[in-house]
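The values are calculated or read from the model by the stated rules, or taken from the named source; none is laboratory data. Here the structure is a predicted model, which is why all the values come from computation and not from measurement. Using ideal geometry, Cβ is built from the backbone for each residue, glycine included, and neighbour counts are taken over all protein chains shown. Each accessible area value is taken on the protein alone, full model and side chains, heavy atoms only, with ligands, DNA and RNA left out. Shrake-Rupley method; radii C 1.70, N 1.55, O 1.52, S 1.80 Å.
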Amino acid sequence: MPELSINPGIEIRNAQLELQRFRVRLAVAAVAVLVFFAVLAGRFAYLQVVRHAELATLAEANRISIVPVVPNRGIIVDRNGIVLAHNYSAYTLEIQPAKVADLERTIEELSTLIEIGARDRRRFKRLLEESKGLGSLPIRTRLSDEEIARFAANRYRFPGVEINARLFRQYPQGELFSHVVGHIGRINQRERDALEADGRYANYRGTDYIGKTGLEQSYESALHGNTGVEEVEVDSGGRAVRTLTRTPPVSGNNLVLKLDARLQEIAYNAFGNHRGALVAIEPATGGVLAFVSKPGFDPNLFVEGIDPANWAELNNSPDRPLVNRALAGTYPPGSTFKPFMALAALTYGKRTPQQVISDPGYFMFGGHQFRDSRPGGHGRVDMYTSIVKSSDTYYYMLANDMGIDAISRFMALFGFGSRTGIDMTGEAAGVLPSQQWKMKRFRQKWYAGETISIGIGQGYNAYTPLQLAAAVATLAGGGVVFRPHIVDAIEDIRTRERNAVEPNPLRRLDLDPAHIAVVKEAMVGVNKEGTGARAFAGAGYTSGGKTGTAQVVGLKPGEKYVEHRVQERHRDHALFIAYAPAEAPRIALAVLVENSGFGSRYAAPIARAVLDYWLLGKVPESMRTEKGSESEAVD
């Protein structure tokens, strides 16, 4: 037999040993798998049991989006239902900056689909700075159907960009009610902080706008309404799938004003190209019938944020159209102050109606001559004549006899030098001078010579047209002081019930009716035979009035005022106060025409146009512009 040879390069395998090693590896792998599945099972148990409630809430939050539903803002109408502010719906292209990687590039690409002008870009940039990139900001408003369709077809390209339906505020009367109705605008950071401090911010979720001026601001809480809530199911891309629940918003209440839109229009147009203000009040209630400040502005420019060009034009205009002259402008009352001075003299026993003084055309005090507006004076003047012919000398003497503090105490009763409390923010207090006032303001004592010009409504005197109108309404109403109010009622949007703003008499002045009758008789005389006679010739009613002219720039000693030689901005202001009908006054008003001249020539015709419409329904074809003679131009 041949011998078996063993090759030393060949390893003899130990099957038993390999099997044992395999079993060990298998056991280790099995243990590892079991440990892994144990950990996984533990994790599942932790998530499904321990954190079930928390994760279920998060999952639901991802599936359900809470969306605020903005309420309709209440509308504003005049006493006859003419709409002064309302809402309309339109579509807006909006960007959420937090969800857009490259904002500039996104805007450029959007502009290839939808026209985005330089004004839109500037406004968006300003809103971006104000909002600090939070929320959804409009880049284009009032989209056309074609623009909406183009964007819808390309929406997938623009994450963070949406088209939303929004309500927009509109003021159909334009500048006519710009100062009284005011306007809304986008909420800024300061206003947002104030809402949070007041605990009202939750009601403004989803709201971009708030009242900025006028009634829109002072009645913000009534106009805004209550924000609603929708629970919306969304997909993984954040798109709404369906609405689950809905708590509807409650629309804001409507404002019904005392104002008459037609009366406002007539008063506004009566100023022509002149600047000025007019306030008309119902003496029996304090309700404001007309509230004019001219020039005005288009409040629609401010709703979406005014562009720099229009803002510069309004803000830099020498006519100051943004100033509410009726509410915040302060002016010397001129000779319209004289009826109140006469009533003060009667009340304090400084004069009787029959007492006569000699008016030579000037009053000497401390070596200084205070001249009358009429050279040569008015001769013998009693109280009736002093008002009808507007004798300055009579009131120079009276002011000197009364003293500044007595004048100040009496005028304060009529509200001069203090806010009326009208239902609109931004009212100026004016200046009612006194010894105490001057010491506090200038740290100087009062000099007796300063009292003289106070008697004719000059000097430190400075009041708003609203204060002057309220004082005339108090006088016409027999001494009852009302808080002026523009809103007549707040209408509940759901029930249509009107919550009337009841007349709010603040006080009844302790005045002798006989003294009031003396002054009112003289004011009737002004429009019959005095400085207001030309403007009220042929009127179909009896009215009381008083003209006034207030100096803007003081004259040098011996210098005479010649209107056409003075720059327009330095010319005197024209004023007129009136009430009618004299027997039972239904309207009282104050008119101021800036830098125009004599009150009899410029302010009284405006008052006549207003009274003609209110009492007779007459609409003037045009205002008379012819100038009266120099003898008639005395206030």
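Between the range 482-524 and the range 109-184, what's the alpha-carbon centroid distance in Å?
Here the two parts' Cα centres lie 44 Å apart.
Using the scaling law 2.2 N^0.38 Å as the reference, what is the normalised Cα Rg of the range 321-415?
Output field value: 1.19.
To the nearest 500 deg cm²/dmol, what mean residue ellipticity at 222 nm is calculated for the chain from DSSP H runs of n ≥ 4 alone, each contributing -39,500 (n - 2.57), summed and divided by the residues?
Values: 23 runs with 224 residues, N = 635.
That calculation yields -10500 deg cm²/dmol at 222 nm.
Kirkwood Rh over Cα pairs of the range 451-557 into Stokes-Einstein at 10 °C, 1.306 mPa s: D in µm²/s?
For the chosen part, D equals 92 µm²/s.
Charges only on Cβ, +1 for Lys and Arg, -1 for Asp and Glu: so what's the dipole of the chain about the Cα centre, in debye to the nearest 20?
Here the chain has a charge dipole of around 900 debye.
For the chain, what does the accessible surface come to per residue with a 1.4 Å probe? Please give it in Å².
In whole numbers, the chain has 49 Å² accessible per residue.
Name the residue farthest towards the positive end of the dipole of the chain from the options 516, 477, 46, assuming +1 on Cβ of Lys and Arg, -1 on Cβ of Asp and Glu, about the Cα centre.
516
Of 400, 185, 197, whose Cα points farthest to the positive end of the dipole of the chain (charges on the beta-carbon: +1 Lys, Arg; -1 Asp, Glu; origin at the Cα centre)?
It is 400, whose Cα lies furthest towards the positive end.
Write down the percent of antiparallel bridges among all DSSP beta bridges whose residues are both part of the chain, to the nearest 5.
Close to 95 percent.
Please report how far the C-alpha centroid of the range 334-360 lies from that of the range 375-397, rounded to the nearest whole angstrom.
9 Å
Take residue 154 and residue 316, extend 7 Å from each Cα along the Cα→Cβ direction, and tell me the distance between the two endpoints in nm.
3.7 nm
Quick one: putting +1 on the C-beta of Lys and Arg, -1 on the C-beta of Asp and Glu, what dipole do you get for the range 482-556 around its Cα centre, in Debye to the nearest 20? The partial results should precede the final answer.
On the way: 11 positive and 9 negative charges, 65 e Å.
Dipole magnitude for the range 482-556 comes out near 320 debye.
Carbon and sulfur: what percent of the chain's accessible surface (1.4 Å probe)?
52 percent
Given points 7 Å out from each Cα along the Cα-Cβ axis, report the residue 24 to residue 229 separation in nanometres with one decimal.
Modelled inter-label distance: 6.5 nm.
Cα-Cα pairs above 20 Å in the range 263-330: how many percent?
Within the range 263-330, distances greater than 20 Å cover 39 percent of Cα pairs.
Using only the alpha carbons, work out the radius of gyration and Dmax of the chain in angstrom.
Every Cα atom of the chain included, Rg and Dmax give 38.0, 176 Å.
Set Lys and Arg Cβ to +1 and Asp and Glu Cβ to -1, take the dipole of the chain about its Cα centre, and tell me which of 82, 285, 448 lies farthest positive.
Ranked along the dipole, the leading option is 448.
Could you pull out the trypsin sites (Lys or Arg not before Pro) across the range 100-206 that fall in loop regions by DSSP (anything but H, G, I, E, B) with no more than 10 other Cβ atoms inside 10 Å?
Hits after loop and neighbour filter: 132.
Relative to the Cα centre, what is the charge dipole magnitude of the range 358-471, using +1 at the beta carbon of each Lys and Arg, -1 at the beta carbon of each Asp and Glu, and rounding to the nearest 20 debye?
In total the dipole reaches around 340 debye.
May I ask which of 294/389; 350/438; 389/520; 350/520 have a Cα-Cα span longer than 21 Å here?
In this structure, 294/389; 350/438 exceed 21 Å between Cα atoms.
Longest exposed-loop-site-free stretch of the chain, with GluC sites (Glu not before Pro), DSSP loop and at most 13 other Cβ within 10 Å?
Result for the longest clean stretch: 116-496.
Can you give the convex hull volume of the alpha carbon atoms of the range 78-189 per residue, in Å³?
On the way: hull volume 13.8 nm³, N = 112.
Taking the convex hull of the Cα positions in the range 78-189, it is 123 Å³ per residue.
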